[in-house]
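The values are calculated or read from the model by the stated rules, or taken from the named source; none is laboratory data. Computed from a predicted structure; not experimentally measured. Positions of Cβ are backbone-derived with ideal geometry, glycine not excepted, and every protein chain shown enters the neighbour counts.
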Amino acid sequence: MKNIIITGGAGFIGSHVVREFVKNNPESKIINLDALTYAGNLENLKDIENEPNYVFEKADITKVDELRKVFEEYNPDAIVHLAAESHVDRSITDPNAFINTNVIGTANLLNLAREFWTLNPDHQHGNFPDEPRTNLFYHVSTDEVYGALGETGFFTEETSYDPKSPYSASKAASDHLVRAYGNTYGMPFIISNCSNNYGPNHFPEKLIPLCIHNILSEKPLPIYGDGKYTRDWLYVIDHAKAIYQIFNESKTGETYNIGGWNEWQNINLVKELIKQVDEKIGKPAGYSEKLITFVKDRPGHDKRYAIDATKLANDLGWKPSVTFEEGLSKTIDWFLENKEWLDHVTSGDYQKYYNKQYN
Ligand code: NAD
(Lines give C-alpha, C1' and ligand atoms only; values in the text may rest on other atoms or scores of the structure.)
Protein backbone atom coordinates (compact mmCIF):
# COMPACT_ATOMS: atom_id res chain seq x y z
CA MET A 1 0.00 0.00 0.00
CA LYS A 2 1.41 3.40 -0.93
CA ASN A 3 -0.95 6.10 0.28
CA ILE A 4 -2.96 5.36 3.40
CA ILE A 5 -5.51 7.87 4.68
CA ILE A 6 -6.19 7.63 8.41
CA THR A 7 -9.24 9.68 9.42
CA GLY A 8 -9.50 11.06 12.96
CA GLY A 9 -5.73 10.75 13.38
CA ALA A 10 -5.53 13.77 15.70
CA GLY A 11 -7.86 12.13 18.23
CA PHE A 12 -7.10 9.84 21.14
CA ILE A 13 -6.95 6.42 19.43
CA GLY A 14 -6.24 7.84 15.96
CA SER A 15 -2.99 9.47 17.08
CA HIS A 16 -1.65 6.11 18.33
CA VAL A 17 -2.78 4.42 15.11
CA VAL A 18 -1.07 7.09 12.98
CA ARG A 19 2.16 6.66 14.98
CA GLU A 20 2.03 2.86 14.52
CA PHE A 21 1.58 3.19 10.74
CA VAL A 22 4.19 5.97 10.32
CA LYS A 23 6.84 4.06 12.27
CA ASN A 24 6.26 0.73 10.52
CA ASN A 25 5.73 1.96 6.94
CA PRO A 26 8.66 4.08 5.78
CA GLU A 27 7.70 3.39 2.12
CA SER A 28 4.06 4.44 2.52
CA LYS A 29 2.69 7.94 2.92
CA ILE A 30 0.39 8.23 5.92
CA ILE A 31 -2.18 10.97 5.46
CA ASN A 32 -3.83 12.08 8.69
CA LEU A 33 -7.22 13.50 7.68
CA ASP A 34 -8.92 15.28 10.57
CA ALA A 35 -11.30 18.24 11.03
CA LEU A 36 -9.73 19.13 14.40
CA THR A 37 -12.94 19.29 16.40
CA TYR A 38 -12.71 19.82 20.17
CA ALA A 39 -11.38 16.21 20.38
CA GLY A 40 -8.64 16.59 17.75
CA ASN A 41 -5.25 17.70 19.06
CA LEU A 42 -2.14 17.77 16.89
CA GLU A 43 0.02 18.03 20.01
CA ASN A 44 -0.67 14.28 20.27
CA LEU A 45 1.60 13.80 17.24
CA LYS A 46 4.42 16.24 17.99
CA ASP A 47 7.01 13.43 18.00
CA ILE A 48 6.28 12.31 14.44
CA GLU A 49 5.05 15.48 12.69
CA ASN A 50 8.34 15.93 10.80
CA GLU A 51 8.63 12.33 9.60
CA PRO A 52 8.95 12.27 5.78
CA ASN A 53 6.15 9.69 5.39
CA TYR A 54 3.61 11.70 7.46
CA VAL A 55 1.31 14.47 6.27
CA PHE A 56 -1.62 16.22 7.92
CA GLU A 57 -4.70 17.34 5.95
CA LYS A 58 -7.41 19.36 7.66
CA ALA A 59 -10.73 18.18 6.21
CA ASP A 60 -14.24 17.49 7.47
CA ILE A 61 -15.73 14.13 6.50
CA THR A 62 -19.21 15.68 6.39
CA LYS A 63 -18.00 18.00 3.55
CA VAL A 64 -17.63 16.12 0.27
CA ASP A 65 -15.71 18.93 -1.47
CA GLU A 66 -13.03 18.93 1.27
CA LEU A 67 -12.74 15.14 1.12
CA ARG A 68 -12.59 15.10 -2.66
CA LYS A 69 -9.56 17.44 -2.65
CA VAL A 70 -7.66 15.02 -0.40
CA PHE A 71 -8.67 12.01 -2.53
CA GLU A 72 -7.60 13.85 -5.71
CA GLU A 73 -4.25 14.80 -4.23
CA TYR A 74 -3.34 11.38 -2.80
CA ASN A 75 -5.49 8.81 -4.65
CA PRO A 76 -5.43 6.58 -1.53
CA ASP A 77 -4.75 2.84 -1.65
CA ALA A 78 -6.43 2.32 1.71
CA ILE A 79 -8.53 4.15 4.27
CA VAL A 80 -8.42 3.50 8.00
CA HIS A 81 -11.51 5.30 9.30
CA LEU A 82 -11.62 6.48 12.91
CA ALA A 83 -13.03 10.04 12.63
CA ALA A 84 -16.18 10.19 14.70
CA GLU A 85 -18.05 11.94 17.43
CA SER A 86 -17.19 9.56 20.26
CA HIS A 87 -18.60 10.67 23.60
CA VAL A 88 -21.88 8.98 24.64
CA ASP A 89 -22.93 11.85 26.96
CA ARG A 90 -22.62 14.36 24.12
CA SER A 91 -24.70 12.08 21.86
CA ILE A 92 -27.55 12.29 24.37
CA THR A 93 -27.62 16.10 24.25
CA ASP A 94 -26.83 16.50 20.51
CA PRO A 95 -27.64 13.31 18.54
CA ASN A 96 -27.59 15.04 15.14
CA ALA A 97 -23.87 15.82 15.40
CA PHE A 98 -23.33 12.06 15.72
CA ILE A 99 -25.63 11.21 12.83
CA ASN A 100 -23.89 13.78 10.60
CA THR A 101 -20.32 12.76 11.36
CA ASN A 102 -20.63 9.06 12.06
CA VAL A 103 -23.28 8.11 9.48
CA ILE A 104 -23.18 10.75 6.71
CA GLY A 105 -19.41 11.23 7.10
CA THR A 106 -18.80 7.48 6.70
CA ALA A 107 -21.13 7.36 3.69
CA ASN A 108 -19.19 10.25 2.09
CA LEU A 109 -15.90 8.36 2.52
CA LEU A 110 -17.40 5.15 1.13
CA ASN A 111 -18.84 6.98 -1.89
CA LEU A 112 -15.51 8.60 -2.72
CA ALA A 113 -13.66 5.31 -2.24
CA ARG A 114 -16.15 3.72 -4.62
CA GLU A 115 -15.59 6.48 -7.16
CA PHE A 116 -11.79 6.36 -6.96
CA TRP A 117 -11.28 2.61 -6.70
CA THR A 118 -11.91 0.05 -9.42
CA LEU A 119 -14.09 -2.44 -7.58
CA ASN A 120 -14.41 -5.99 -8.82
CA PRO A 121 -18.08 -7.09 -9.18
CA ASP A 122 -16.94 -10.69 -8.61
CA HIS A 123 -16.27 -9.67 -5.02
CA GLN A 124 -19.92 -8.85 -4.30
CA HIS A 125 -21.80 -10.78 -1.62
CA GLY A 126 -18.71 -10.93 0.57
CA ASN A 127 -16.92 -13.10 -1.97
CA PHE A 128 -13.43 -11.67 -1.39
CA PRO A 129 -10.43 -13.62 -2.62
CA ASP A 130 -7.62 -14.05 -0.10
CA GLU A 131 -5.02 -12.31 -2.23
CA PRO A 132 -4.13 -9.96 -3.73
CA ARG A 133 -6.03 -7.07 -2.18
CA THR A 134 -5.74 -3.70 -3.80
CA ASN A 135 -7.93 -1.19 -1.97
CA LEU A 136 -9.13 -1.53 1.58
CA PHE A 137 -11.68 0.30 3.71
CA TYR A 138 -10.92 -0.46 7.38
CA HIS A 139 -13.62 0.77 9.76
CA VAL A 140 -12.75 1.20 13.44
CA SER A 141 -15.84 0.63 15.54
CA THR A 142 -17.03 -0.06 19.06
CA ASP A 143 -18.44 -2.95 21.09
CA GLU A 144 -21.32 -0.64 22.04
CA VAL A 145 -23.07 -1.60 18.76
CA TYR A 146 -23.95 -4.92 20.46
CA GLY A 147 -25.97 -3.23 23.23
CA ALA A 148 -25.67 -4.32 26.85
CA LEU A 149 -24.96 -7.61 28.65
CA GLY A 150 -26.42 -8.99 31.86
CA GLU A 151 -24.23 -10.46 34.60
CA THR A 152 -22.75 -13.12 32.29
CA GLY A 153 -21.79 -13.70 28.65
CA PHE A 154 -19.57 -11.94 26.13
CA PHE A 155 -19.96 -10.13 22.82
CA THR A 156 -18.67 -12.22 19.92
CA GLU A 157 -18.50 -11.32 16.23
CA GLU A 158 -21.83 -13.20 15.85
CA THR A 159 -23.71 -11.15 18.48
CA SER A 160 -26.70 -9.28 16.96
CA TYR A 161 -26.55 -5.52 16.87
CA ASP A 162 -28.70 -3.83 19.52
CA PRO A 163 -27.36 -0.30 20.03
CA LYS A 164 -28.90 1.70 22.85
CA SER A 165 -27.50 5.26 22.67
CA PRO A 166 -27.44 7.74 19.78
CA TYR A 167 -23.64 7.23 19.71
CA SER A 168 -23.80 3.45 19.42
CA ALA A 169 -26.72 3.63 16.96
CA SER A 170 -24.68 5.94 14.73
CA LYS A 171 -21.68 3.57 14.89
CA ALA A 172 -23.94 0.58 14.17
CA ALA A 173 -25.35 2.42 11.14
CA SER A 174 -21.84 3.11 9.85
CA ASP A 175 -20.82 -0.55 10.34
CA HIS A 176 -23.93 -1.58 8.35
CA LEU A 177 -23.04 0.85 5.56
CA VAL A 178 -19.49 -0.51 5.30
CA ARG A 179 -20.75 -4.13 5.08
CA ALA A 180 -23.44 -3.09 2.59
CA TYR A 181 -20.81 -1.48 0.30
CA GLY A 182 -18.81 -4.70 0.53
CA ASN A 183 -21.84 -6.80 -0.31
CA THR A 184 -23.29 -4.54 -3.00
CA TYR A 185 -20.25 -3.10 -4.77
CA GLY A 186 -17.51 -5.56 -3.78
CA MET A 187 -15.65 -2.97 -1.72
CA PRO A 188 -12.92 -4.74 0.26
CA PHE A 189 -13.47 -3.92 3.92
CA ILE A 190 -12.51 -4.92 7.44
CA ILE A 191 -14.34 -3.88 10.63
CA SER A 192 -13.04 -4.14 14.18
CA ASN A 193 -15.18 -3.54 17.26
CA CYS A 194 -13.22 -2.65 20.37
CA SER A 195 -13.95 -2.24 24.06
CA ASN A 196 -13.24 0.94 26.09
CA ASN A 197 -9.76 2.34 25.59
CA TYR A 198 -7.56 4.22 28.05
CA GLY A 199 -4.00 5.53 27.96
CA PRO A 200 -1.85 8.53 26.99
CA ASN A 201 -3.58 11.46 25.20
CA HIS A 202 -7.05 10.51 26.47
CA PHE A 203 -9.32 13.58 26.41
CA PRO A 204 -10.23 14.41 30.02
CA GLU A 205 -14.01 14.20 29.52
CA LYS A 206 -13.74 10.38 29.76
CA LEU A 207 -13.75 8.53 33.10
CA ILE A 208 -10.07 7.57 33.58
CA PRO A 209 -8.35 10.84 32.55
CA LEU A 210 -11.11 12.84 34.25
CA CYS A 211 -10.48 11.01 37.53
CA ILE A 212 -6.68 11.32 37.25
CA HIS A 213 -7.06 15.06 36.64
CA ASN A 214 -9.55 15.48 39.49
CA ILE A 215 -7.50 13.44 41.99
CA LEU A 216 -4.49 15.65 41.18
CA SER A 217 -6.55 18.82 41.65
CA GLU A 218 -8.59 17.41 44.59
CA LYS A 219 -11.92 17.82 42.78
CA PRO A 220 -14.97 15.47 43.04
CA LEU A 221 -14.78 12.12 41.18
CA PRO A 222 -18.25 11.77 39.61
CA ILE A 223 -19.57 8.20 39.41
CA TYR A 224 -22.86 7.39 37.71
CA GLY A 225 -25.64 5.62 39.66
CA ASP A 226 -24.42 2.93 42.05
CA GLY A 227 -20.98 2.64 40.42
CA LYS A 228 -21.65 -0.96 39.38
CA TYR A 229 -21.56 -0.34 35.61
CA THR A 230 -19.01 -2.73 34.17
CA ARG A 231 -16.67 -2.00 31.26
CA ASP A 232 -13.95 -4.01 29.55
CA TRP A 233 -10.78 -1.86 29.28
CA LEU A 234 -7.96 -2.01 26.76
CA TYR A 235 -4.70 -0.03 26.75
CA VAL A 236 -4.87 2.24 23.68
CA ILE A 237 -1.44 1.21 22.34
CA ASP A 238 -2.59 -2.43 22.35
CA HIS A 239 -5.64 -1.34 20.32
CA ALA A 240 -3.45 0.54 17.84
CA LYS A 241 -1.18 -2.51 17.45
CA ALA A 242 -4.22 -4.77 16.95
CA ILE A 243 -5.54 -2.47 14.20
CA TYR A 244 -2.13 -2.46 12.51
CA GLN A 245 -1.91 -6.25 12.63
CA ILE A 246 -5.49 -6.79 11.40
CA PHE A 247 -4.95 -4.24 8.60
CA ASN A 248 -1.91 -6.18 7.39
CA GLU A 249 -2.84 -9.79 8.10
CA SER A 250 -6.61 -10.20 8.07
CA LYS A 251 -8.56 -11.39 5.06
CA THR A 252 -10.93 -8.78 3.64
CA GLY A 253 -14.62 -9.00 4.55
CA GLU A 254 -13.72 -9.96 8.13
CA THR A 255 -14.86 -8.59 11.47
CA TYR A 256 -12.73 -8.78 14.62
CA ASN A 257 -13.64 -7.99 18.21
CA ILE A 258 -10.75 -6.44 20.16
CA GLY A 259 -10.76 -6.55 23.95
CA GLY A 260 -8.53 -7.00 26.95
CA TRP A 261 -10.45 -9.64 29.01
CA ASN A 262 -10.43 -6.90 31.57
CA GLU A 263 -13.77 -6.18 33.19
CA TRP A 264 -14.00 -3.60 35.95
CA GLN A 265 -16.94 -2.09 37.79
CA ASN A 266 -16.57 1.70 37.67
CA ILE A 267 -16.36 2.03 41.45
CA ASN A 268 -13.55 -0.54 41.71
CA LEU A 269 -11.72 1.07 38.82
CA VAL A 270 -11.87 4.49 40.48
CA LYS A 271 -10.60 2.97 43.76
CA GLU A 272 -7.67 1.37 41.88
CA LEU A 273 -6.91 4.76 40.30
CA ILE A 274 -7.02 6.46 43.69
CA LYS A 275 -4.69 3.81 45.13
CA GLN A 276 -2.13 4.23 42.35
CA VAL A 277 -2.28 8.04 42.04
CA ASP A 278 -2.13 8.63 45.81
CA GLU A 279 0.88 6.33 46.06
CA LYS A 280 2.68 8.01 43.14
CA ILE A 281 2.17 11.54 44.51
CA GLY A 282 3.00 10.60 48.10
CA LYS A 283 -0.48 10.88 49.65
CA PRO A 284 -1.55 8.46 52.43
CA ALA A 285 -3.35 5.29 51.23
CA GLY A 286 -7.02 6.01 50.49
CA TYR A 287 -6.56 9.79 50.92
CA SER A 288 -8.55 10.69 47.77
CA GLU A 289 -11.48 8.31 48.42
CA LYS A 290 -13.30 11.25 50.03
CA LEU A 291 -13.56 12.74 46.51
CA ILE A 292 -15.85 9.94 45.25
CA THR A 293 -19.25 11.50 44.42
CA PHE A 294 -22.19 9.48 43.13
CA VAL A 295 -24.14 11.45 40.49
CA LYS A 296 -27.50 11.02 38.71
CA ASP A 297 -27.38 8.19 36.20
CA ARG A 298 -27.02 8.69 32.46
CA PRO A 299 -30.35 7.93 30.65
CA GLY A 300 -30.39 4.47 29.02
CA HIS A 301 -27.04 3.52 30.60
CA ASP A 302 -25.80 0.08 29.45
CA LYS A 303 -25.06 -2.15 32.44
CA ARG A 304 -22.16 -4.26 31.23
CA TYR A 305 -19.95 -4.70 28.16
CA ALA A 306 -17.48 -7.54 27.74
CA ILE A 307 -15.66 -8.62 24.60
CA ASP A 308 -14.69 -12.12 23.57
CA ALA A 309 -11.53 -11.56 21.49
CA THR A 310 -10.87 -15.29 20.90
CA LYS A 311 -11.18 -15.02 17.11
CA LEU A 312 -8.42 -12.39 16.98
CA ALA A 313 -6.22 -14.44 19.31
CA ASN A 314 -6.77 -17.65 17.30
CA ASP A 315 -6.53 -16.19 13.78
CA LEU A 316 -3.72 -13.68 14.26
CA GLY A 317 -2.14 -14.56 17.62
CA TRP A 318 -2.88 -11.08 19.06
CA LYS A 319 -3.03 -10.53 22.79
CA PRO A 320 -2.79 -7.43 24.98
CA SER A 321 0.77 -6.56 26.05
CA VAL A 322 -0.07 -5.17 29.50
CA THR A 323 -2.39 -6.01 32.39
CA PHE A 324 -4.88 -3.37 33.45
CA GLU A 325 -2.88 -2.43 36.55
CA GLU A 326 0.28 -2.01 34.43
CA GLY A 327 -1.56 -0.01 31.77
CA LEU A 328 -3.11 2.25 34.41
CA SER A 329 0.29 2.81 35.99
CA LYS A 330 1.78 3.78 32.59
CA THR A 331 -1.21 6.06 31.94
CA ILE A 332 -0.92 7.85 35.30
CA ASP A 333 2.84 8.29 34.77
CA TRP A 334 2.13 9.79 31.35
CA PHE A 335 -0.36 12.29 32.79
CA LEU A 336 2.07 13.22 35.59
CA GLU A 337 4.88 13.73 33.05
CA ASN A 338 2.68 15.66 30.59
CA LYS A 339 1.00 18.25 32.79
CA GLU A 340 1.43 20.82 30.02
CA TRP A 341 -0.67 18.67 27.65
CA LEU A 342 -3.40 18.37 30.29
CA ASP A 343 -3.28 22.12 31.03
CA HIS A 344 -3.56 22.93 27.32
CA VAL A 345 -6.49 20.55 26.85
CA THR A 346 -8.38 21.66 29.95
CA SER A 347 -7.87 25.36 29.11
CA GLY A 348 -8.66 24.92 25.38
CA ASP A 349 -5.17 26.21 24.43
CA TYR A 350 -4.37 23.06 22.43
CA GLN A 351 -6.52 24.45 19.63
CA LYS A 352 -3.92 27.19 19.09
CA TYR A 353 -1.28 24.58 18.22
CA TYR A 354 -2.64 24.01 14.73
CA ASN A 355 -2.61 27.74 13.94
CA LYS A 356 0.97 28.03 15.18
CA GLN A 357 2.24 24.93 13.35
CA TYR A 358 0.23 24.85 10.15
CA ASN A 359 -0.96 28.40 9.28
P1 NAD B 1 -11.82 11.05 19.70
O2 NAD B 1 -13.11 11.78 19.99
O3 NAD B 1 -10.69 11.19 20.67
O4 NAD B 1 -11.25 11.50 18.29
C5 NAD B 1 -12.06 11.66 17.16
C6 NAD B 1 -11.24 12.38 16.10
O7 NAD B 1 -12.08 12.52 14.94
C8 NAD B 1 -10.79 13.78 16.51
O9 NAD B 1 -9.45 13.98 16.13
C10 NAD B 1 -11.71 14.69 15.73
O11 NAD B 1 -11.13 15.95 15.41
C12 NAD B 1 -12.00 13.85 14.49
N13 NAD B 1 -13.27 14.21 13.86
C14 NAD B 1 -14.48 14.33 14.47
N15 NAD B 1 -15.41 14.72 13.57
C16 NAD B 1 -14.77 14.82 12.38
C17 NAD B 1 -15.19 15.18 11.06
N18 NAD B 1 -16.46 15.54 10.81
N19 NAD B 1 -14.29 15.14 10.06
C20 NAD B 1 -12.98 14.78 10.31
N21 NAD B 1 -12.53 14.49 11.54
C22 NAD B 1 -13.41 14.50 12.56
O23 NAD B 1 -12.24 9.55 19.49
P24 NAD B 1 -11.49 8.21 19.92
O25 NAD B 1 -11.87 7.88 21.31
O26 NAD B 1 -10.07 8.32 19.55
O27 NAD B 1 -12.22 7.17 18.95
C28 NAD B 1 -11.76 6.98 17.61
C29 NAD B 1 -12.63 5.95 16.93
O30 NAD B 1 -12.58 4.72 17.65
C31 NAD B 1 -14.10 6.34 16.85
O32 NAD B 1 -14.59 5.94 15.60
C33 NAD B 1 -14.74 5.55 17.98
O34 NAD B 1 -16.09 5.26 17.68
C35 NAD B 1 -13.90 4.30 17.99
N36 NAD B 1 -13.80 3.63 19.30
C37 NAD B 1 -13.47 4.34 20.43
C38 NAD B 1 -13.34 3.66 21.65
C39 NAD B 1 -12.92 4.37 22.92
O40 NAD B 1 -12.86 3.76 23.98
N41 NAD B 1 -12.57 5.66 22.86
C42 NAD B 1 -13.56 2.27 21.71
C43 NAD B 1 -13.88 1.59 20.52
C44 NAD B 1 -13.99 2.28 19.33
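Scan the stretch 216-232 and give yes if some residue there is crowded, with 22+ Cβ neighbours inside 10 Å, in contact with a His (Cβ under 8 Å, 6 or more places away or on another chain) and modelled with pLDDT under 95, otherwise no. Yes: the stretch 216-232 contains one or more residues that are crowded, with 22+ Cβ neighbours inside 10 Å, in contact with a His (Cβ under 8 Å, 6 or more places away or on another chain) and modelled with pLDDT under 95. With respect to ILE92, determine if the residue is over 30 Å from LYS228 (Cα atoms), in contact (Cβ under 8 Å) with a residue 60 or more places away in the chain, of a type in the set (Val, Ile, Thr) and more than 12 Å from the ligand (Cβ to nearest atom). Spelling it out, it is not the case that ILE92 is over 30 Å from LYS228 (Cα atoms), in contact (Cβ under 8 Å) with a residue 60 or more places away in the chain, of a type in the set (Val, Ile, Thr) and more than 12 Å from the ligand (Cβ to nearest atom). Looking at ILE6, ILE13, just one residue is more than 9 Å from the ligand (Cβ to nearest atom), among the aliphatic types (A, V, I, L, M) and either touching a strand residue (DSSP E or B) at 6+ places or on another chain (Cβ under 8 Å) or assigned to a helix (DSSP H, G or I) (or both), and that residue is ILE6. Consider ASN262 carefully, then state whether it is within 12 Å of the ligand (Cβ to nearest atom), more than 30 Å from SER347 (Cβ to Cβ) and touching a helix residue (DSSP H, G or I) at 6+ places or on another chain (Cβ under 8 Å). In short, no.
Can you confirm whether ALA10 is at pLDDT below 95, of a type outside the set (Val, Ile, Thr), within 25 Å of THR142 (Cβ to Cβ) and touching a Gly at 6+ places or on another chain (Cβ under 6 Å)? Judged against the criteria, ALA10 is not a match. So for the stretch 116-133 (the condition being within 13 Å of the ligand (Cβ to nearest atom) and either part of a helix (DSSP H, G or I) or over 25 Å from LEU342 (Cα atoms) (or both)), does at least one residue qualify? Within the stretch 116-133, none of the residues are within 13 Å of the ligand (Cβ to nearest atom) and either part of a helix (DSSP H, G or I) or over 25 Å from LEU342 (Cα atoms) (or both).
Kindly provide the set of residues from the stretch 95-115 that are more than 10 Å from the ligand (Cβ to nearest atom) and either in contact with a Leu (Cβ under 8 Å, 6 or more places away or on another chain) or on the phi > 0 side of the Ramachandran plot (or both), ordered by number. The answer is VAL103, ALA107, LEU110, LEU112.
Among the residues of this structure, TRP318 does not count as one that is of a type outside the set (Lys, Arg), in contact with an Asp or Glu (Cβ under 9 Å, 6 or more places away or on another chain), under 30 Å from THR152 (Cα atoms) and not in a loop (DSSP other than H, G, I, E, B).
Could you tell me which residue of the stretch 41-56 is nearest to ASN111 (Cα to Cα), considering only residues that are more than 10 Å from the ligand (Cβ to nearest atom) and part of a loop (DSSP other than H, G, I, E, B)? I'd like the intermediate steps shown before the answer.
Initial filter on the stretch 41-56 (more than 10 Å from the ligand (Cβ to nearest atom)): 43, 45-56.
Then drop every residue that is not part of a loop (DSSP other than H, G, I, E, B), which leaves 49-53.
Values: GLU49: 29, ASN50: 31, GLU51: 30, PRO52: 29, ASN53: 26 Å.
Only one residue fits best here, namely ASN53.
Taken over the stretch 60-81, residues that are under 13 Å from GLY9 (Cα atoms) and surrounded by fewer than 23 Cβ atoms within 10 Å (Cβ to Cβ) amount to 1. The residues of the stretch 57-97 that are part of a helix (DSSP H, G or I) and charged (D, E, K, R), listed by number, are ASP65, GLU66, ARG68, LYS69, GLU72, GLU73, ASP89, ARG90.
Let's see how each residue does on (1) within 26 Å of LYS206 (Cβ to Cβ); (2) in contact (Cβ under 8 Å) with a residue 60 or more places away in the chain; (3) away from the ligand (no atom under 12 Å from the Cβ):
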| position | (1), (2), (3) |
| --- | --- |
| ARG19 | yes, yes, yes |
| VAL22 | yes, no, yes |
| ALA39 | yes, yes, no |
| LYS58 | yes, yes, no |
| ILE61 | yes, no, no |
| ALA78 | no, yes, yes |
| VAL88 | yes, yes, no |
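Pick from the stretch 176-211 the residues that are of a type in the set (A, V, I, L, M) and more than 16 Å from the ligand (Cβ to nearest atom): which of them is farthest from THR159 (Cα to Cα)? Step by step, filter the stretch 176-211, then rank; the result is MET187.
Every residue, every condition in (1) more than 20 Å from the chain's Cα centre (by Cα); (2) in a loop (DSSP other than H, G, I, E, B); (3) of a type in the set (D, E, K, R), yes or no:
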{"residue": "TRP261", "(1), (2), (3)": "no, yes, no"}
{"residue": "GLU272", "(1), (2), (3)": "yes, no, yes"}
{"residue": "GLN276", "(1), (2), (3)": "yes, no, no"}
{"residue": "SER329", "(1), (2), (3)": "yes, no, no"}
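Only residues that are small (Gly, Ala, Ser) and at pLDDT below 95 were counted in the stretch 186-212, giving 1. Considering only residues that are part of a loop (DSSP other than H, G, I, E, B) and buried (at least 19 other Cβ atoms within 10 Å of the Cβ), which ones fall in the stretch 331-343? The answer is none; no residue qualifies. ALA285 satisfies every condition listed in (1) surrounded by fewer than 21 Cβ atoms within 10 Å (Cβ to Cβ); (2) assigned to a loop (DSSP other than H, G, I, E, B); (3) touching a residue at least 12 places away in the same chain (Cβ under 8 Å) except (3). For the stretch 27-37, residues that are surrounded by fewer than 23 Cβ atoms within 10 Å (Cβ to Cβ), of a type outside the set (Ser, Thr, Tyr) and within 12 Å of the ligand (Cβ to nearest atom) total 2. Residue pairs whose Cβ atoms lie under 8 Å apart, separated by 6 or more positions or on different chains, with the first residue in the stretch 147-162 and free of Cβ contacts under 8 Å to residues at least 24 places away in the same chain and the second among the hydroxyl-bearing types (Ser, Thr, Tyr) and outside any strand (DSSP E or B), are THR159/TYR146; SER160/TYR146; TYR161/TYR146; ASP162/TYR146.
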